[in-house]
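Engineer: Take this structure, written in C-alpha cells, and hold onto it; I'll ask about it next.
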Amino acid sequence: DVKVTQSSRYLVKRTGEKVFLECVQDMDHENMFWYRQDPGLGLRLIYFSYDVKMKEKGDIPEGYSVSREKKERFSLILESASTNQTSMYLCASRLYKEDEQYFGPGTRLTVT
Amino acid sequence: GEDVEQSLFLSVREGDSSVINCTYTDSSSTYLYWYKQEPGAGLQLLTYIFSNMDMKQDQRLTVLLNKKDKHLSLRIADTQTGDSAIYFCAEIHTGRRALTFGSGTRLQVQP
C-alpha cells in the first residue's frame, strides 16, 4: 500500500519565517510534486521533481524552493513566509507518467 | 496553455444520479482522471480514462469522454451521503510530466 506522508497536518508561522514542509513516500516513486489548494482555484502545481536532485518549476513557483536529496523525500521551502502563502499544501508521488498519483493528507499552513 | 474547468457546486438527493462535468482545452491530453477529496483528507483516485476511449464504467461510476468537445463527465449512480466530497477532474498530456487539475466540484448529497 503506497503511503505518502507529510510532516505536519497543521502549521502556524509568522510573516518572514523560513518554513519547511516535508514529504516522504515509501514506494520508490520517481516523480514527486508539491501543490497548493485554495478554494475555487483547485490544485496548482508549485514544483515537481522527477529524480534525486532534479526539479522543475510548476505554474506558481514564486516564493518557494524545493529540495530532493533522497528519492523518498521532497521538501518544500518558503524562504520568507508571507500571508498570501496561507493555504493547504499537498504532496504527491507517482512512478511513471501514466500511473496513479498518490497524495498525502495535506498540511494546512497559516501565516500570520 | 492548459486549462481544466468545472462547476463549483452540485447538490443532489440521496438515491439520485449525480453528473459532474469538466471541460479541458488541450487536445493532446492522453489521460483524464477523476479524484475525490473527502473532508480533511488528500485526494484519492476514483477512476481514469485513456483519451482513445469514450466510456468507462466501474460499479456505480460511469465516465464519458467527448474528445471533439473536450468534455469529460463523471456519473455516480444511486448517490449516497458518503459520496459527499470534492471531485477533481485532471488531465495529463504529451510533453508535460504533471497533472493539471480543475477547480473541483463540491458534491452535496441531501438525505
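FYI, it's all coordinate maths here, none of it is from the lab. These numbers come from a predicted model, not from an experiment. Please note: Cβ atoms are built from the backbone with ideal geometry, for glycine as well, and neighbour counts cover all protein chains shown.
Engineer: Compute the separation of the alpha-carbon centres of segment A:53-76 and segment A:18-45 and state it in Å as a whole number.
Structural biologist: What the calculation gives is 9 Å, centre to centre.
Engineer: Next question. Give me the net charge of residue B:78's neighbourhood, meaning all other residues with Cβ under 12 Å from the Cβ of residue B:78; Lys, Arg count +1, Asp, Glu -1.
Structural biologist: Net local charge, residue B:78 excluded: 0.
Engineer: Taking the Cα centre of the protein assembly as shown as the origin, how large is its charge dipole in debye, to the nearest 20, when only Lys and Arg (+1) and Asp and Glu (-1) carry charge on their Cβ atoms?
Structural biologist: Charge dipole, the protein assembly as shown, about its Cα centre: 440 debye, nearest 20.
Engineer: Further, regarding this structure: Kindly state, to the nearest 0.05, the FRET efficiency for residue A:7 paired with residue B:28, given R0 = 30 Å and r defined as their beta-carbon distance.
Structural biologist: Once rounded, the FRET efficiency stands at 0.25.
Engineer: For every other residue with a beta carbon closer than 13 angstrom to the beta carbon of residue A:64, add +1 if it is Lys or Arg and -1 if Asp or Glu, then tell me the sum.
Structural biologist: That sum, taken over residues with Cβ under 13 Å, equals +1.
Engineer: Pick out which of A:20, A:33, A:48 has the largest mean-square fluctuation in a Gaussian network model of chain A, springs linking Cα atoms closer than 10 Å.
Structural biologist: Comparing A:20, A:33, A:48 in the GNM, the peak value goes to A:20.
Engineer: Among the lysines, which have Cα under 29 Å from the Cα of residue A:18 when same-chain residues fewer than 8 positions away are ignored?
Structural biologist: Cross-link targets: A:3, A:53, A:55, A:57, A:70, A:71.
Engineer: Around residue B:54, with a cut-off of 12 angstrom between Cβ atoms, what is the net charge of the other residues, counting Lys and Arg +1 and Asp and Glu -1?
Structural biologist: So the environment of residue B:54 carries a net charge of +2.
Engineer: Once label points are set 7 Å from the Cα along Cα→Cβ at both residue A:22 and residue B:97, what is their separation, rounded to one decimal in nm?
Structural biologist: Modelled inter-label distance: 2.3 nm.
Engineer: Now for a separate question. Starting from the amide H of residue B:14, placed 1.01 Å from N in the peptide plane, find each other amide H under 5 Å away whose residue is 5 or more places distant or on another chain.
Structural biologist: Under 5 Å from the amide H of residue B:14 lie the amide H atoms of B:110, each far enough along the sequence or on another chain.
Engineer: Still on this structure, I have one more. Would you mind getting me the FRET efficiency between residue A:86 and residue B:68? Use the beta-carbon distance for r and R0 = 45 Å, nearest 0.05.
Structural biologist: According to the calculation, E is roughly 0.65.
Engineer: Setting aside same-chain residues fewer than 8 positions from residue B:70, which aspartates and glutamates have a Cα under 17 Å from its Cα?
Structural biologist: The reachable aspartates and glutamates, counting only those whose Cα sits under 17 Å from residue B:70, are B:2, B:3, B:5, B:26, B:54, B:91.
Engineer: Once label points are set 7 Å from the Cα along Cα→Cβ at both residue B:80 and residue A:62, what is their separation, rounded to one decimal in nm?
Structural biologist: Each label point is offset 7 Å from its Cα along the Cβ direction, giving 4.6 nm.
Engineer: Per residue of segment B:83-99, what does 6.51 cos²θ - 1.76 cosθ + 1.60 with θ = phi - 60° give for ³J(HN,Hα)? Whole Hz please, x for Gly and Pro, Karplus curve as stated.
Structural biologist: Rounded to whole hertz, the list is 7, 4, 4, 9, 10, 10, 8, 8, 9, 9, 9, 3, x, 10, 8, 10, 6.
Engineer: Put a dot 7 Å past each Cα toward the Cβ at residue B:11 and residue A:15; how far apart are the dots in nm?
Structural biologist: Label-label distance for residue A:15 and residue B:11, simple model: 3.8 nm.
Engineer: Using the Cα atoms of chain A, I'd like the radius of gyration and the largest Cα-Cα distance, Dmax, both in angstrom.
Structural biologist: According to the Cα coordinates of chain A, Rg and Dmax are 13.1, 39 Å.
Engineer: Could you work out the pair-distance distribution P(r) of chain B from its alpha-carbon pairs, with 5 angstrom bin width and percents rounded to whole numbers?
Structural biologist: Per 5 Å bin, starting at zero, the Cα-Cα P(r) for chain B comes out as 2, 13, 24, 25, 19, 10, 5, 1, 0 percent.
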